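See structure below.
The values are calculated or read from the model by the stated rules, or taken from the named source; none is laboratory data. The model shown is predicted, which means the values in this text are computed figures rather than measured ones. When we count neighbours, we look across all protein chains shown, and the Cβ atoms used for this are built from the backbone with ideal geometry, even at glycine.
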Amino acid sequence: MTTAAVALAPPQGRTVFGHPRGLAVLGLTELWDRISFHGMQAVLVLFMVDQLLRPGHVEHIIGFAPIRAALEGVTGRLSNQALASQIFGLYVGLVAATPMLGGYLGDRVLGRARTVILGGLLMTAGHVCMAFDPSFLLALALLILGAGCLRANLSPQIGELYPPDDRRRDTAFQLYASMINLGAFIAPLVSGALAQAWGWHASFGFAGFGMLIGLLVYVGGRRDLPAADARAPRGEEVRLDSAQRRMVLLLLLLVPVASMFWVAQSQVWNTYNLWARDHIELDIGGWTMPVVWLQSLDGLAPFALLPPVLLFWAWQARRGAEPGSFAKMAIGCAIFAAGTAWLAGAGLVLDAHGRTPLWWAVAFHVSSNLGWLYFVPSCTALFVRIAPRSVSGLMIGVLSLSVTLGSFISGRLGGLYETLDPARFWLIHAAVVASGGALFYLIGKNVRGRY
């Protein structure tokens, strides 16, 4: 293992609300990245099931036959819905894994700025390719590689905008994260409306246009970003002592446990749209709400829930009762499991048309995002806190593999949607994430006081 350090002088000059103007550049770039990515992701499974994988379309996809044969060689014969879930799981999983490659390119080969620009160009090209059936697989490959290049190299530049001891740094990362949530809120609303009004390709076209805007924002704001962009020099090999090796081993063991949370979370991006289309009452006064609008709640809910959650933790801290990281992760899994079990009970409350009222799905998104707030930031904070400094960046990359593993598993479980009744389907996911919570609780009790 190696480390590298480059002395980067924070850019001087223009500010926005007391922060370097570069923060606005990076935040707006990330906003448009998320609008493009989540907009495409929100409609992808519905697009595959309702159009792409049907006769008249599927036979035109270049290279699809061997991909399908390879997947079915592992899973057995797949229906169109099961195949769509499997492809989606692989796609999201690989998007989560490629930032490790993107980070290496930014640190060692191209520099951050050039890698961000490369990522933006790849993603724009990928969205363009989504407009044509033959280039569907190429589109996914371009989007996967582009996301890895872009995301691995945007957030590190935030830290480089500030001196090491600048207290504004934490606020800057919170503002940056708010752009991610805002993009996740806007994207399903616009993409869903476009898909319903003008078809799938209008939605994909919007995603490509959004990524192009983000790329232009980044290029246009380069003078407000860190000037140094040379490849980082190779450092000397770092040897970990026995205590540090134990920390790394613990974090590696936590990855498959963390993936149990992402099995359920990834299914919300995957088969959940099909379930909502089939079971939730989306008719409002004669107007049918686009099904993907429900996913916009995953961008809005964290804004609404974060302040009361932070106040509650502060209240617990004043009384010496605030849970530690492991306990928060266990609580987050338990809350998410309860929300997923809530979906299993949707059949108990039906309207005159035999469909579950819309508020049932809204309640799920509120509860699941509460679980997300307990789990995801706490898990990231734990990895940052106990990972040896010399490999902290690598371990954050390793943590992203939990999303990859969880997405792969959720894609496989998505194939059960056609063979199980909805209650059993969601209870399986609730059991998986609840088991992850129990494991985090047990691990936390055994390592308390050590890390």
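Regarding Trp275, is this residue within 22 Å of the chain's Cα centre (by Cα) and within 30 Å of Met179 (Cβ to Cβ)?
Working: within 22 Å of the chain's Cα centre (by Cα): yes; within 30 Å of Met179 (Cβ to Cβ): yes.
So Trp275 fits the description; yes.
On the given criteria, is Leu399 more than 23 Å from Tyr104 (Cα to Cα), assigned by TED's automatic domain parsing to the domain that holds Gln267 and among the hydrophobic types (A, V, I, L, M, F, W, C)? So Leu399 fails the test.
Matching residues to (1) surrounded by 24 or more Cβ atoms within 10 Å (Cβ to Cβ); (2) hydroxyl-bearing (Ser, Thr, Tyr); (3) over 21 Å from Asn153 (Cβ atoms):
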residue	(1), (2), (3)
Glu30	yes, no, no
Val43	yes, no, yes
Arg54	no, no, yes
Phe64	no, no, yes
Ile67	no, no, yes
Met100	no, no, no
Tyr104	no, yes, no
Leu110	no, no, no
Arg114	no, no, no
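For the condition within 18 Å of Ala42 (Cβ to Cβ) and either assigned by TED's automatic domain parsing to the domain that holds Ile213 or not in a helix (DSSP H, G or I) (or both), Leu182 qualifies.
Checking the structure you have, find out if any residue of the range 322-335 is over 24 Å from Ala431 (Cβ atoms), surrounded by fewer than 21 Cβ atoms within 10 Å (Cβ to Cβ) and out of contact with any strand residue (DSSP E or B) (no Cβ under 6 Å at 6 or more places or on another chain). Yes, because at least one residue in the range 322-335 is over 24 Å from Ala431 (Cβ atoms), surrounded by fewer than 21 Cβ atoms within 10 Å (Cβ to Cβ) and out of contact with any strand residue (DSSP E or B) (no Cβ under 6 Å at 6 or more places or on another chain). Taking the condition over 14 Å from Leu44 (Cβ atoms), modelled with pLDDT under 95 and in a helix (DSSP H, G or I), does Asp107 pass? Criteria met by Asp107. Can you confirm whether Val109 is touching a residue at least 40 places away in the same chain (Cβ under 8 Å) and closer than 16 Å to Leu215 by Cβ? Taking the combined requirement at face value, the residue does not satisfy it. In summary, helices (runs of 4 or more DSSP H) completely within the range 242-335 and bearing 2 or more residues that are within 27 Å of Val398 (Cα to Cα) occur at 242-269, 297-318. In the range 413-438, of all residues being among the hydroxyl-bearing types (Ser, Thr, Tyr) and over 17 Å from Ala276 (Cβ atoms), the one that is modelled with the lowest pLDDT corresponds to Thr419.
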